[in-house]
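As structure tokens, the structure follows; a few thoughts come after it.
The values are calculated or read from the model by the stated rules, or taken from the named source; none is laboratory data. Keep in mind that this is a model prediction, so the values were computed, not measured. Note that each Cβ is placed from the backbone with ideal geometry, even for glycine, and that neighbours are counted across all protein chains shown.
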Amino acid sequence: MSGCRVCHGVVTPFLDLGKQPLSDAFPADAEEAEKEYFYNLRVGSCRSCSMVQLIDEVPREQMFNDGYPYRSSLSSVMRDHFERTARELLDTELSGPDPFLVELGCNDGVLLRTVAGRGVRHLGVEPSAGVAELARSTNVSVLTDFFEERTARRVHAEHGQADVVYAANTFCHIPYLDSVFAGLDVLLKPDGVLVFEDPYLGDIVDRASFDQIYDEHFYLFSAKSVAAMAHRFGFELVDVERLPVHGGEVRYRVARAGARTPSPAVADLLAEEDRRALHAPATLEDFARRVDRICDDLVSLLERLRGEGKRVVAYGATAKSATVTNRAGIGPTLVETVYDSTPEKQGRLTPGAHIPVAASTGFADPYPDFALLFAWNHADEIMRRESVFRESGGKWILYVPDVRVV
Ligand code: SAH
Ligand code: TYD
Ligand code: ZN
């Protein structure tokens, strides 16, 4: 039992995914593979505020540093999503005189490049120096640092208050949200808004997408837990919007308490979460049982295919897949190679499981019999690009919400 990272309430564990490596640290060779950092991946839910969170916290510098390999711009669907999001913000919240946007975790500048292109004042706050540099090379302004109260005060002192603080797939990466909200209180204009989008607990439970749980994803947010968190820090949840990206997310809008009228969508999603008992222990325990079944079914299938002499590879060296391979015990004897488009991952080994990563251009050379789709959240985009694989007799293996071959 440990205390809630948001409200200090009692956190009850409901899922143990065992010893796990850093999900985005790909060892260069066998020697580096010997020195991997491991932690216990356990998930619990706060009895007081319902926040679903990891029990153990990995030091942030272990995860987010110069070598952080994730590149936001590698998916065309995500590029479109962020361009659309930037335009929407520019046409609404950022349409006043001399607006200012701060983005937490801007990565390679996938969203901010549209904002910079319009000549609007902006600043990315991004601790991983490699990706921050990629953003700068597209004319995006970036402060290489972790966002927290200290950074917010610095940004405020240098640039003034912000109309919008935006974060995609980053807010859930930050355990120390008390410090983040103290910073937002300084940095946001009186009528400013925090907009953040992250994988939604409701979708994770529906799809049994347990691989959304790994070191970086410290919180699995819901409307209920975000509303409670905002309230605790003097803010208010004023809008929610479900998004189809990354297997199902919610975009939350949070303003200073009383500053804006909450949209009916907030009450609707809260009521839906209540109706389906999303936060009930029985719901979360049932989710944990489905995770066990998926892992057992996946290993059985891979062992059967190996017995039949089939060639099985994987597609997408995702951070998510570290949870799957290390929980289920899937290594190079069951999956020969993982094909991936990220230059920084190619030629390396997957975390913990040590499956070699190769450039996705090699996938067709020759096609395998089966490809385990680790990047299932990009299924449409990948299956479209690799349509010849299936046309020539290849089959995809999917594992959420259950194990199946298509
Ligand atoms: N927004 C991008 C990137 C998400 S990956 C997208 O949606 O694709 C998460 C990013 O958050 C990483 O680039 C990581 O370096 C950054 N990050 C982690 N902790 C942070 C913090 N405290 N403040 C700002 N960025 C952080
Ligand atoms: P993603 O699922 O976005 O995130 P995470 O690592 O947080 O789980 O990662 C997608 C991975 O798949 C990334 O390593 C790039 C790779 N990829 C391809 O190889 N080809 C593709 O067409 C796409 C869209 C992604
Ligand atoms: Zn709590």
Between a residue in region 31-52 that is without any contact (Cβ under 8 Å) to a residue 40 or more places away in the chain and more than 16 Å from A288 (Cα to Cα) and any residue that is part of a strand (DSSP E or B) and near ligand 3 (Cβ under 10 Å from one of its atoms), which pairs come within a Cβ distance under 6 Å, given they are 6 or more apart or on different chains?
R47/V10
Write out, first by first residue and then by second, each pair whose Cβ atoms fall under 6 Å of each other, whose residues are 6+ apart or on separate chains, and whose first residue, in region 198-211, is more than 13 Å from V250 (Cβ to Cβ) while the second is among the charged types (D, E, K, R) and within 13 Å of ligand 2 (Cβ to nearest atom).
D211/K320
Do we find a residue being out of contact with any Phe, Trp or Tyr (no Cβ under 8 Å at 6 or more places or on another chain), more than 16 Å from ligand 3 (Cβ to nearest atom), closer than 22 Å to G18 by Cα and not assigned by TED's automatic domain parsing to the domain that holds V131 anywhere in region 307-320?
no
The condition from (1) within 19 Å of the chain's Cα centre (by Cα); (2) surrounded by fewer than 19 Cβ atoms within 10 Å (Cβ to Cβ); (3) in a helix (DSSP H, G or I) that H378 misses is numbered (2)
Out of the residues in region 35-50 that are in contact with a strand residue (DSSP E or B) (Cβ under 9 Å, 6 or more places away or on another chain) and hydrophobic (A, V, I, L, M, F, W, C), state the one that is farthest from ligand 3 (Cβ to nearest atom).
F38
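If the requirement is being farther than 24 Å from N326 by Cα and either in contact with a strand residue (DSSP E or B) (Cβ under 6 Å, 6 or more places away or on another chain) or assigned to a loop (DSSP other than H, G, I, E, B) (or both), which of these qualifies: G393, G352?
Exactly one of G393, G352 is farther than 24 Å from N326 by Cα and either in contact with a strand residue (DSSP E or B) (Cβ under 6 Å, 6 or more places away or on another chain) or assigned to a loop (DSSP other than H, G, I, E, B) (or both), namely G393.
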Taking region 128-140 as the region of interest, how many residues are more than 16 Å from ligand 2 (Cβ to nearest atom) and either among the aliphatic types (A, V, I, L, M) or under 19 Å from the mean Cα position of the chain (by Cα) (or both)?
4
Quick one: in region 334-349, of everything that is more than 23 Å from G309 (Cα to Cα) and in contact with a helix residue (DSSP H, G or I) (Cβ under 9 Å, 6 or more places away or on another chain), which residue is surrounded by the most Cβ atoms within 10 Å (Cβ to Cβ)?
D340
I'm trying to understand the selection: among the residues of region 28-47, which are surrounded by fewer than 14 Cβ atoms within 10 Å (Cβ to Cβ) and polar (S, T, N, Q)?
N40
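Would you point out the residue of region 141-159, among those that are in contact (Cβ under 8 Å) with a residue 40 or more places away in the chain and under 21 Å from the mean Cα position of the chain (by Cα), that is nearest to K189 (Cα to Cα)?
F147
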If we keep only residues of region 92-127 that are near ligand 1 (Cβ under 7 Å from one of its atoms) and of a type in the set (V, I, T), then the residue surrounded by the fewest Cβ atoms within 10 Å (Cβ to Cβ) is V125
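Residue by residue, here is whether (1) of a type in the set (S, T, N, Q); (2) touching a Lys or Arg at 6+ places or on another chain (Cβ under 8 Å) holds:
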{"residue": "V10", "(1), (2)": "no, yes"}
{"residue": "L17", "(1), (2)": "no, yes"}
{"residue": "P27", "(1), (2)": "no, yes"}
{"residue": "S76", "(1), (2)": "yes, no"}
{"residue": "L89", "(1), (2)": "no, no"}
So which of A86, A25 ends up being within 16 Å of ligand 1 (Cβ to nearest atom), assigned by TED's automatic domain parsing to the domain that holds A227, buried (at least 21 other Cβ atoms within 10 Å of the Cβ) and not hydroxyl-bearing (S, T, Y)?
A86
Pairs, please: C-beta under 6 Å, at least 6 apart or cross-chain, first residue closer than 13 Å to V240 by Cβ and in region 257-271, second surrounded by 14 or more Cβ atoms within 10 Å (Cβ to Cβ) and of a type in the set (A, V, I, L, M, F, W, C)?
P262/V238; A265/V240; V266/L237; V266/V240; L269/A223; L269/V240; L270/A223
Filtering region 65-114 for residues that are in contact (Cβ under 8 Å) with a residue 60 or more places away in the chain and of a type outside the set (S, T, Y) leaves a count of 21
Tally time: how many residues in region 44-83 are among the aliphatic types (A, V, I, L, M) and either in contact with an Asp or Glu (Cβ under 8 Å, 6 or more places away or on another chain) or within 16 Å of ligand 1 (Cβ to nearest atom) (or both)?
6
